[in-house]
Amino acid sequence: ARMLYGYIFERVGVLLRDMHFENTSAGAKDEGPERGVRLELRIRERQDWQGTEFAAQRVVIDRPVWRADIFVAVGSPPESFDRAHYHSRFEGTEPVRREWSDRLTASPFEWLRDELSDLAGLLDRAGVADDGIRDADAAELRRAAPEIAEKGRAVFDEVHRGELVSEVNRPFV
């Protein structure tokens, strides 16, 4: 099975899916195969209205601004979360270097819930200028954060039970 989950708000979206990497080259601490769940906060692009008032409209969630990778090295116990990291911002479509947090490793899904509950903080650390995004979506994302974190936990558990085996190294395509 392979599925991309999306939580779509007025100005942002959160994309969530299983990830499987055969090999990484991010650094000595985290080389080798890893798997788990990836979540990305992205900006929803405004679209011009197309067609009649009844027409379906385009939804474009394109610009990545933040990513959490709740990963485990293949061969490590799933509860070790030994490769769990995040990227506080992107340069275009490329994430900045991996960032590590003891709290993320200790309680990854609680950490995730708390991070998503602070949209203003995520956008500030990502260097995203405020053009109404916070006002539009902070409360709704905070309300949805526990559900998103629980879905992240469920997908992570499916990965480690061998129920999700997506194509390796193919994020969100």
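The values are calculated or read from the model by the stated rules, or taken from the named source; none is laboratory data. Just so we're clear, the structure is a prediction, and the values are computed from it rather than from any experiment. Cβ placement follows ideal geometry from the backbone for every residue including glycine, while neighbour counts extend to all protein chains displayed. Accessible surface is based on the protein model in full, side chains and every heavy atom, while ligands, DNA and RNA are left aside. Shrake-Rupley method; radii C 1.70, N 1.55, O 1.52, S 1.80 Å.
With all protein chains present, how much of the accessible area of the chain (probe radius 1.4 Å) comes from carbon and sulfur, to the nearest whole percent? Present the calculation step by step, with values, prior to reporting the outcome.
Working: 4230 of 9100 Å².
That share works out to 46 percent.
Take the chain, mark every one of the GluC sites (Glu not before Pro) that falls in a DSSP loop and has at most 16 other Cβ within 10 Å, then report the longest stretch left between them, sites excluded. The reported range is 54-162.
Site-free segments of the chain were taken between chymotrypsin sites (Phe, Trp or Tyr not before Pro) in DSSP loops having at most 11 other Cβ atoms within 10 Å, sites themselves excluded; the longest one is 55-173. Our helix-only sum for the chain, with -39,500 (n - 2.57) per DSSP H run of n ≥ 4 divided by its residues, gives a mean residue ellipticity at 222 nm of -9000 deg cm²/dmol.
Projected onto planes of every orientation and averaged, the convex hull of the alpha-carbon atoms in the chain covers 10.6 nm². Accessible surface ranking for 18, 157, 1.4 angstrom probe, highest first: 157, 18.
Using the Cα coordinates of region 76-116, the gyration tensor eigenvalues translate into equivalent-ellipsoid semi-axes of 21, 13, 7 Å, sorted from longest to shortest.
Largest first, the residues 96, 12 sort by 1.4 Å accessible area into 96, 12. Rolling a 1.4 Å probe over the heavy atoms of the protein chains gives the chain an accessible area of 53 Å² per residue. Take every Cα pair under 8 Å whose residues are at least 6 apart in sequence, average their separation, divide by the length of region 48-173, and the relative contact order is 18 percent. Helix 133-160 and the long axis of the chain differ in direction by around 30°, with both axes built from C-alpha atoms.
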